[in-house]
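Here's the structure we're looking at; comments come further down.
The values are calculated or read from the model by the stated rules, or taken from the named source; none is laboratory data. Since the structure is predicted, the reported quantities are computational estimates derived from the model, not experimental observations. Virtual Cβ from ideal backbone geometry, glycine too; neighbours counted across all protein chains shown.
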Amino acid sequence: MGERGPKPQFINVACPNRDCKLYGLDDQGNVIGNGTYISRGEKTRRYLCHHRGKAFCDHTDIFYHDLHKDEHTIDLTLKISMKGMSIEAIADVLEVQSASVKRWLARAAEQCDKVNDNMMKNVEVSRIEMDELWVIIQKNSS
Amino acid sequence: MKDYEDDGPWMWVAFVPGCRLILDFVIGPRKQYVADKFVELVNKHLSDKIPVFVTDGLNFYR
């Protein structure tokens, strides 16, 4: 035991690398802590997977990974967008660039797709209605 | 059906009326290959039990 108590065990952390054989599996003993750093004002832990030798952190593969803006502003952007405000208006109100808003929305859509793919499996239903609806997709974003 | 309705994008939706769940959707033209892709996507969400598929009586489906 070290001076600062027992070494932390990261049994709840799984390797996020899809090429790793232990991808998504926790409690395999392959993940160790590899220091911490401050990201967007919060302490973030870095990990190392012994199996593939790849490093990752608390934010790897999550929506906010590599985004510089604070989470509150991004969350607010997504909420306002869902209420129907245009991209240009959101950018104006929150004082961010419209390209950033578009990028966050695209990233949120990708993340929703991943969640959907993971959760919507083996659905047992008795009846499905399948129809096609004619939609207008505006070419300009505003 | 008027011609203009076939132009532009269509949103293909698979909907479970019992629990108001949208299983999947595809945006694309009203063509056979989109229908095939759509059925394939919906099939990925389902278990081995095949449900009853209902739709409107468009000739295109027959």
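Would you mind stating whether A:GLU88 is in contact (Cβ under 8 Å) with a residue 40 or more places away in the chain, surrounded by fewer than 16 Cβ atoms within 10 Å (Cβ to Cβ), part of a helix (DSSP H, G or I) and not assigned by TED's automatic domain parsing to the domain that holds A:PRO16?
Answer is yes for this residue.
Kindly establish whether A:ILE136 is surrounded by fewer than 13 Cβ atoms within 10 Å (Cβ to Cβ), in a loop (DSSP other than H, G, I, E, B) and within 14 Å of another protein chain (Cβ to nearest Cβ). Steps first, answer last, please.
Values: surrounded by fewer than 13 Cβ atoms within 10 Å (Cβ to Cβ): yes; in a loop (DSSP other than H, G, I, E, B): yes; within 14 Å of another protein chain (Cβ to nearest Cβ): yes.
So A:ILE136 fits the description; yes.
Report the residue count in segment A:8-27 for those that are free of Cβ contacts under 8 Å to residues at least 12 places away in the same chain and either closer than 17 Å to A:GLY53 by Cα or exposed (fewer than 10 other Cβ atoms within 10 Å of the Cβ) (or both). Full working, then the answer.
Looking only at segment A:8-27, we keep the residues that are free of Cβ contacts under 8 Å to residues at least 12 places away in the same chain, and these are A:9, A:18, A:23-25.
If we keep only those that are either closer than 17 Å to A:GLY53 by Cα or exposed (fewer than 10 other Cβ atoms within 10 Å of the Cβ) (or both) too, we end up with A:18, A:23-25.
The total comes to 4.
Could you figure out which of (1) assigned to a loop (DSSP other than H, G, I, E, B); (2) within 13 Å of chain B (Cβ to nearest Cβ) isn't true of A:GLU129?
The number of the failed condition is (1).
Considering each residue of segment B:13-37, count those that are part of a strand (DSSP E or B) and more than 10 Å from every other protein chain (Cβ to nearest Cβ), and give that number. Reasoning before the result, please.
Step one: list which residues in segment B:13-37 are part of a strand (DSSP E or B), which gives B:13-16, B:21-28.
With more than 10 Å from every other protein chain (Cβ to nearest Cβ) added as a condition, the list becomes none.
The number of residues fulfilling the criteria is 0.
Please pick out the residue among A:THR60, A:THR36 that is away from chain B (no Cβ under 14 Å), of a type in the set (Ser, Thr, Tyr) and within 15 Å of the chain's Cα centre (by Cα). Write out each step before concluding.
Numbers: A:THR36 fails: within 15 Å of the chain's Cα centre (by Cα).
Checking each option against the conditions leaves just A:THR60.
Looking only at segment A:132-139, decide whether some residue is under 27 Å from B:PRO51 (Cβ atoms) and in contact with a Leu (Cβ under 9 Å, 6 or more places away or on another chain). Let's see the steps before the verdict.
So the first thing to find is which residues in segment A:132-139 are under 27 Å from B:PRO51 (Cβ atoms), and the list is A:132-135.
Within this subset, residues satisfying the condition of being in contact with a Leu (Cβ under 9 Å, 6 or more places away or on another chain) are A:132.
Within segment A:132-139, one or more residues are under 27 Å from B:PRO51 (Cβ atoms) and in contact with a Leu (Cβ under 9 Å, 6 or more places away or on another chain).
Does A:THR77 qualify as being more than 27 Å from B:LYS37 (Cβ to Cβ), at pLDDT below 90 and either in the same structural domain as A:LYS7 (by TED's automatic domain parsing) or not charged (D, E, K, R) (or both)? If you could, list the steps in order and put the result at the bottom.
Numbers: more than 27 Å from B:LYS37 (Cβ to Cβ): yes; at pLDDT below 90: no; either in the same structural domain as A:LYS7 (by TED's automatic domain parsing) or not charged (D, E, K, R) (or both): yes.
Answer is no for this residue.
Quick one: in segment A:39-54, which of the residues that are part of a loop (DSSP other than H, G, I, E, B) and either surrounded by 13 or more Cβ atoms within 10 Å (Cβ to Cβ) or of a type in the set (D, E, K, R) (or both) is nearest to the chain's Cα centre (by Cα)?
Step one: list which residues in segment A:39-54 are part of a loop (DSSP other than H, G, I, E, B), which gives A:40-41, A:50-54.
Among the residues that remain, those that are also either surrounded by 13 or more Cβ atoms within 10 Å (Cβ to Cβ) or of a type in the set (D, E, K, R) (or both) are: A:40, A:50-52, A:54.
Values: A:ARG40: 15, A:HIS50: 23, A:HIS51: 23, A:ARG52: 22, A:LYS54: 19 Å.
Here the residue is A:ARG40.
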